[in-house]
Amino acid sequence: MHIPAYAHETIRAAALPRVPTSRHVGGLDCCLCDKPFGKDLAAIPLGPTQTSGLFGCRLCLNRLITRARRARDTAMAHNAQRDRADSAAWSQVRERHLNRLGSVRQAAEAVAGLAADGDTDPLKVAWLLVSLESAYTWVPDTPEPPVSVGREESELRDGAFRLDLAMISAREAVAERLAYHLLNEARPEEPDICEEFECPEDCSGRHDSTHIDCGPDAVFDDLAEHGINVEQPEPEPQSPRLAAPLGRAEAEVEHSPLPDIEEQASTVLNHFGIDADDTDVLVSAAAVGLVADAWREGPLDVIHAADDGPSDGEVFAQSVDLYRRARAALVAAQDDGPEALLAFVAVASDVNLPWAGGSRFALRTVSESAAEFVQHVDDRVWFTAEVMREQGWRAGLLHKAVSAVFKAPSHFGMPGWPGAVASAMERLALLDRSGAPEVLADLAVVEASLLKAPDQLGAGALDWICHQALLG
């Protein structure tokens, strides 16, 4: 007689005697109703083996299995009703939060537009920023879905990210507007300056950021007047973009700190099997290199090793998510300039953002200081942006792609990734996966996920894969 798994606990907890008799143990009497076994009452073993332990009769076991089935069905119906209620309540909470994020974001975009529009009074612009900051402060923390819902809310995360970007744009626009307004109000009209700026005859004597350039070193002298001494950086070669307005010929522009990057990097990439002339492959490799340089190495190693740091699977899932963002930022930089890389910085250095793969880890939760990590990300991306400014978009891609072939040659996004997955699947097929997460049961699904979106397997599954060293 088959005893379903859901009935075992009911039989053990509610029916088995605390002190069985010798007839129970000997298989002579039913341990549930005490009736003797015979021709009309067969003994059914209850374990621990087929020949030893306790025995029950079919009538008693059928009765208890029926009771367990009813209890299970009742519990399932109750849980389903609770889950539906949780889901309905969560939908309302989620919708309200998304509406709040969207409203404040639209307000931030409107403030940025009014700040850039010279028709709005500067004092009103300042008050608009104050009220906007108040609205932003009152945005509640991102709500967490109930356990019964149990899915990652990427829309909430993306909504908060878009709001943060809109706030940055609004603050920058207001700051620029008010800074030059204050300068113009505090300084009387000076025709000599107008002559220096080559202003038209009808100029009012008021100037904005397109007219004023103090050079790279004036800020240090200005701070010194306030008693703040900052060591000035070493002089650097001037970029052709800045040298041209000053009338410097190309022959006078000093060489870039990274000479011959096109020739040298192309040679290296070709050696490692990456076609530097294939823009799509080059962008992907550069994205891997940007994540490796700016995010993966350095302070993250210390955070990863901390007792409350992220697991291997969480680091893996987040690196895949950041690869996509790095790739999108690099593509945008071709048309929008190196400033487009700030979108990657905003996510990679966000200490409050839960990581990918269903992880609840965020940098703010770790005991190690995240300040050094944030500065590291900013510095590394800044250098990449400088390479693009000095030598162009393609030079920046080549520089990061070279990092990728040395630091992450077989990472997701690299040409070697499909080969790494194929090797991992061969080894995975031979392993005992009885204790592995359920998502790893179907090897065809696992292979497809690894090839297209490893983070969708979840941080737990990736953790198991990392512990088996399947991907090297």
Taking only protein heavy atoms and a 1.4 Å probe, the highest-to-lowest accessible-area order of 323, 180 is 180, 323
Each label sits 7 Å from Cα toward the beta-carbon; between residue 451 and residue 430 the label points are separated, in nm, by 2.2
Protection proxy (average C-beta count within 10 Å per residue), highest first, orders 287-300, 81-94, 100-113 as 287-300, 100-113, 81-94
Rg/Rh of the range 362-425 (Cα atoms, Kirkwood Rh), to two decimals, equals 1.12
Measure of exposure for residue 261: accessible area at 1.4 Å probe, Å² rounded to 10, is 20
For the range 35-108, the Debye formula with one identical point scatterer on each Cα and no solvent gives log10 I(q)/I(0) at q = 0.18, 0.22 Å⁻¹ as -0.84, -0.97
Taking N as the residue count of the range 8-59, its alpha carbon Rg divided by 2.2 N^0.38 Å gives 1.01
Heavy-atom accessible area with a 1.4 angstrom probe orders 39, 400, 407, most exposed first, as 39, 407, 400
Cα pairs beyond 18 Å in the range 29-72, in percent, come to 31
Unit-weight point scatterers at every alpha-carbon of the range 322-472, Debye formula, q = 0.08, 0.21 1/Å: log10 I(q)/I(0) is -0.29, -1.29
Both in Å, the radius of gyration and Dmax of the C-alpha trace of the range 62-158 are 23.6, 84
Of the convex hull drawn through the C-alpha atoms of the range 286-343, the volume per residue in Å³ is 73
Total charge of the residues flanking residue 286 in space, meaning their Cβ is under 9 Å from its Cβ, with Lys and Arg +1 and Asp and Glu -1, is +2
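The values are calculated or read from the model by the stated rules, or taken from the named source; none is laboratory data. All of these numbers come straight from a predicted model, not from anything done at the bench. Counting neighbours? That spans all protein chains shown, and the Cβs are built from the backbone with ideal geometry, glycine included. Accessible surface areas use protein heavy atoms only, side chains included; no ligands, DNA or RNA. Shrake-Rupley method; radii C 1.70, N 1.55, O 1.52, S 1.80 Å.
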